[in-house]
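Here's the structure we're looking at; comments come further down.
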Amino acid sequence: MKKNLIIVIMLLTGSLVSAQTQQGVVKLRGTRLTYPLVNKWIEEFSKEYPNIKVTIAPNAPADSIDFNIAAYGLTDKDFQGNKEGVAIARYVQLPVANSKRGDLASLQEKGFTEKDFNNLYFTSGTPDLFASSQAKSPITLYTREKPACAAHTFAKHYGNDAATLQGTGVKGDDKDLANAVRNDVNGISFNNLGFVYDIKTRKVSEGLAVIPLDLNENGKVDKDEKVYATLDEVIGYIEKTNNRKFVTERVNFVFSKNSANRSAGVFLHWVLSKGQRFNHGIGFLELDEKTLTAQKVISSSVFKVTSVQSCEGASDITQQRKAKLASNK
């Protein structure tokens, strides 16, 4: 018994030494809505691997970037040039309004349907809400000035192209988009959970209000559809139900199959294993275990540094994904 304990201690000590002595540099860039989560990962990863420097480097030369962050559904184009991709999280977008909007109570009572989103964002002319509603408050729609990943995901969810999105373009990122709504009593937009909610208090951010989804489209928000009081409540509901009415998408790391950066592999495996527990805190969803296992297999097939015992399934997973991509064309 004592001998086995000694062996375990030696193994654990060896792992610790390896983590402390592993050196390298890892660079990332891409979709900015993911930066709060990626920065949290970097912070926690650095505690275990202090000699691996991981940075978000938006201005670094393209050939020095280890991971491009893509917050949209990957297509064949993303795998050109001997590229590979791994999902590392999911994000959610919700409709938001200014918390002082005059007809807010009626909007929250009725909720948004898919038809409402199409009337608002994909129909030219003056934005309209609920043709049969008595709501009379003016509407100022806000979108990103330049369609980013979130805008493409939002438009695709409703069967449209981001180029057809209506609304006033806001310069900057999703934080600036939230501020535009916060500063305009007539403002309405959509945004990611981490910008809709205060990640410290876990409540809707000051100045903003969530407009619920009418999930069963019966003309009102039922009691079991009122799941927006806290960030943790809405995350829990979406992860449990996987209701397709919510606009969700994966966050992916795209990288070269020829990467020789062992430190990049160490970081990626850490994200897929230990890093997932930080997703909720920043307003992102975790990946389910089946998906995580598949991503680890793909990662291991490239970097050869993970704890996955066998990579025999990597080829099958790659073929399945290619088939799925082909079917979506």
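A short reminder: the numbers here are calculations on the coordinates, not readings from a lab. All of these numbers come straight from a predicted model, not from anything done at the bench. Because the Cβ atoms are built from the backbone with ideal geometry, glycine has one as well, and the counts that use them run over all protein chains shown.
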In nm, to one decimal, how far is the modelled label at residue 274 from the one at residue 199, with both set 7 Å along Cα→Cβ? 1.9 nm
Residues in the range 232-266, backbone N under 19 Å from the label point at residue 304 (7 Å along the Cα-to-beta-carbon vector): list them, ranges by number please. 255-266
Of the peptides 176-189, 286-299, how do they stack up when ordered by the mean number of other Cβ atoms within 10 Å, highest first? 176-189, 286-299
Expressed in nanometres to one decimal, the distance between label points 7 Å along Cα→Cβ at residue 80 and residue 161 is 1.7 nm
Only counting other Cβ atoms within 10 Å, I'd like 100, 47 sorted with the fewest neighbours first. 47, 100
Length gain on complete extension for the stretch residue 99 to residue 47, per 0.36 nm per residue less the alpha carbon to alpha carbon distance? 14.8 nm
Chain lengthening between residue 226 and residue 39 when straightened (0.36 nm per residue, less Cα-Cα): 64.2 nm
For the cross-link pairs 115/175; 146/203; 171/203; 115/245, which exceed 22 Å when the distance is taken from alpha carbon to alpha carbon? 115/175; 146/203; 171/203
Could you tell me what % of all Cα pairs in the range 92-247 have separations over 21 Å? 40 percent
